[in-house]
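Student: Input: one structure, supplied below.
The values are calculated or read from the model by the stated rules, or taken from the named source; none is laboratory data. Quick caveat, the model's predicted, so the values are computed rather than measured. Reconstructed Cβ throughout: ideal geometry from the backbone, glycine too, with neighbour counts over all protein chains shown. Side chains included, ligands, DNA and RNA excluded: accessible areas come from the protein's heavy atoms. Shrake-Rupley method; radii C 1.70, N 1.55, O 1.52, S 1.80 Å.
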Amino acid sequence: MQHQRDRIDLTGRDYTAIYALSDIHGCYDEMAEAERRIIADARTLPGRKLLLFLGDYVDRGPRSSDVLTHLSAPPPEGFDRYALCGNHDDVFLRFLDDPDTNVHWLEFGALPTLASYGVDARHILFDLGYSVQQLRDMILSAMPPAHVDLLRSLAAAITFGSTLFVHAGIKPGIPLSYQTDEDLMWIREPFLSEGPQLPLLVVHGHTPGSHPIFGIGRIGIDTAVSMGGSLTILKIADGRPMILPPI
């Protein structure tokens with residue numbers, strides 16, 4: 001049984017801007033370009049800035065390992081950076097901890113993740129006939145320990161004043177202290193239709209769309225970069241949220 005993930009409260013910190021992006025899904029090049037755009041935009045701002053990643057760093061795209069390496073390194077100069085846990089990141093870690101119970105991860109966009117570590121899961125399981133536990137052991141041998149440590153350390157939620165950052169959303173009307181990690185990382189309805197039903201603005205990813213969604217008490221920023229879309233950057237400065245335009 002995994003322990004409940006941290007919920008971090010940054011209320012009272014002084015940031016001149018907050019930048020958030022979500023659902024990178026192994027698309028390292030797009031993430032690196034987004035970070036370059038953020039750094040360029042922030043050059044005109046004094047003080048510290050906050051950079052938030054809202055989860056789903058692995059699966060589907062080709063460079064999950066490089067994404068985790070990047071997030072394991074220090075943030076850009078002048079920034080504080082926090083990374084939340086997405087449902088894909090959580091299931092990956094659960095597979096590493098208990099592969100038999102979580103073997104469904106292998107059908108969840110996992111094969112490109114394993115390929116990014118040089119592990120050919122189909123060949124190992126079907127051609128060589130290895131067990132799922134043996135596959136797990138090979139994955140752990142191929143992964144830097146820092147990547148596993150990162151997956152364990154990812155928080156489930158970040159609060160900044162009346163803004164809540166999570167991967168998927170919340171159960172409407174339920175205080176954060178009563179929300180489970182599963183709620184925060186997996187929920188779609190009724191959150192997408194009803195919003196938080198609390199005095200909060202919830203910024204989230206998880207549910208992909210062709211464009212960012214400014215809904216009732218929520219902003220959804222998963223624009224399906226791993227499926228041919230783009231990587232949206234939300235900027236909040238002076239209390240106003242906006243989508244950072246392309247350079």
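Student: Looking at Thr159 and the list (1) among the polar types (S, T, N, Q); (2) out of contact with any Ser or Thr (no Cβ under 8 Å at 6 or more places or on another chain); (3) assigned to a strand (DSSP E or B), which single condition is not satisfied?
Tutor: For Thr159, the failing item is (2).
Student: Test each condition in (1) free of Cβ contacts under 8 Å to residues at least 24 places away in the same chain; (2) open to solvent by 60 Å² or more (accessible area, probe 1.4 Å) for Ala73 and report the one that comes out false.
Tutor: Of the numbered conditions (1) free of Cβ contacts under 8 Å to residues at least 24 places away in the same chain; (2) open to solvent by 60 Å² or more (accessible area, probe 1.4 Å), the odd one out for Ala73 is (2).
Student: Being open to solvent by 30 Å² or more (accessible area, probe 1.4 Å) and β-branched (Val, Ile, Thr) is the filter; apply it to segment 171-189 and report the residue that is farthest from Arg7 (Cα to Cα).
Tutor: Out of the qualifying residues, it is Ile174.
Student: Then there's this: Among the residues of segment 82-101, write down those that are open to solvent by 20 Å² or more (accessible area, probe 1.4 Å) and either assigned to a loop (DSSP other than H, G, I, E, B) or in contact with a strand residue (DSSP E or B) (Cβ under 7 Å, 6 or more places away or on another chain) (or both).
Tutor: Tyr82, Ala83, Asp98, Asp100, Thr101
Student: Across segment 215-244, what is the number of residues that are open to solvent by 60 Å² or more (accessible area, probe 1.4 Å) and either within 27 Å of Pro112 (Cβ to Cβ) or touching a Gly at 6+ places or on another chain (Cβ under 8 Å) (or both)?
Tutor: 4
Student: Oh, and also: Looking only at residues that are under 17 Å from the mean Cα position of the chain (by Cα) and small (Gly, Ala, Ser) in segment 200-214, which one is surrounded by the fewest Cβ atoms within 10 Å (Cβ to Cβ)?
Tutor: Restricting to residues being under 17 Å from the mean Cα position of the chain (by Cα) and small (Gly, Ala, Ser), the top hit is Gly209.
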